[in-house]
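K.L.:
Just passing along the structure, written as structure tokens.
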Amino acid sequence: MRKANVNGVVFIVGIIIFVFVVSLVVSTFFQPKRAEGIPPSPHATEGYLESECSSCHLRGIRQAPIFDHPERENCLTCH
């Protein structure tokens, strides 16, 4: 390979790494904030599917607060 080709490849790889690092920083430090007044989930939500929320929260199983907005399907977006 000629030196010009090597410089071009190094430049492109550098741009790809730069874009990756910038996107990682942005996604880490600029997470969307919860809306004011929306309570966080009082229990762990990792590993849950959002469809599982209604299994307890529609009927109040194990003292789970009953939904006041069951038409919304994206529970973990806010909570």
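K.L.:
Would you please name the residue that is modelled with the highest pLDDT, looking only at residues in the stretch 1-41 that are surrounded by 10 or more Cβ atoms within 10 Å (Cβ to Cβ) and among the hydroxyl-bearing types (Ser, Thr, Tyr)?
P.N.:
Ser23
K.L.:
If you don't mind, another one. Can you give me the number of residues within the stretch 42-60 that are outside any loop (DSSP other than H, G, I, E, B), surrounded by fewer than 13 Cβ atoms within 10 Å (Cβ to Cβ) and acidic (Asp, Glu)?
P.N.:
So the answer is 1.
The values are calculated or read from the model by the stated rules, or taken from the named source; none is laboratory data. Nothing here was measured: the structure is a model prediction, and the numbers come from that model. A quick note on method: Cβ atoms are made from the backbone with ideal geometry, for glycine too, and the neighbour counts reach across all protein chains shown.
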